[in-house]
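Only one structure is covered here, and it is reproduced in the block below.
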Amino acid sequence: MVSSCEEGGLISFLREIYFSFFVHKVECAALPSIMNGSIELYTDNTSTRASFSCDNGFTLAGEATVYCQQDGTWSQPPPQCGKRFSSGVFI
């Protein structure tokens, strides 16, 4: 009889083999850091997404989340964090 710990290990091992042979993981270039903000990368066996946020007092201009596409490019350029003034000027 196989213990549940060994069964979990076997399932994990078989999943790794499946993904290494049948699923092509695409990689995109590293994203530049953004001034006055931060980036969090989320990845699984098949995809990667980057979520951007701005420091307090700054506004995000652009997409908050971008995705690594099948062709190895990001879905959008990285956003910027800046200050928006009542005149509409974004710095």
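Just one of (1) in contact with a helix residue (DSSP H, G or I) (Cβ under 9 Å, 6 or more places away or on another chain); (2) assigned to a strand (DSSP E or B) trips up K25, so point out which.
The number of the failed condition is (2).
Any idea which residue in the stretch 39-68 is farthest from the chain's Cα centre (by Cα), counting only those that are surrounded by 11 or more Cβ atoms within 10 Å (Cβ to Cβ), polar (S, T, N, Q) and closer than 19 Å to R84 by Cβ?
It comes out as T59.
Six or more apart or on different chains, Cβ under 7 Å: which pairs go from a residue in the stretch 44-55 that's aromatic (F, W, Y) to one that's modelled with pLDDT of 85 or more and in a loop (DSSP other than H, G, I, E, B)? Could you list them?
F52/I34; F52/A64; F52/P78; F52/P79
The values are calculated or read from the model by the stated rules, or taken from the named source; none is laboratory data. As the structure is a computational prediction, the values presented were derived from the model and not from experiment. Neighbour counts run over all protein chains shown; Cβ positions are idealised from the backbone, glycine included.
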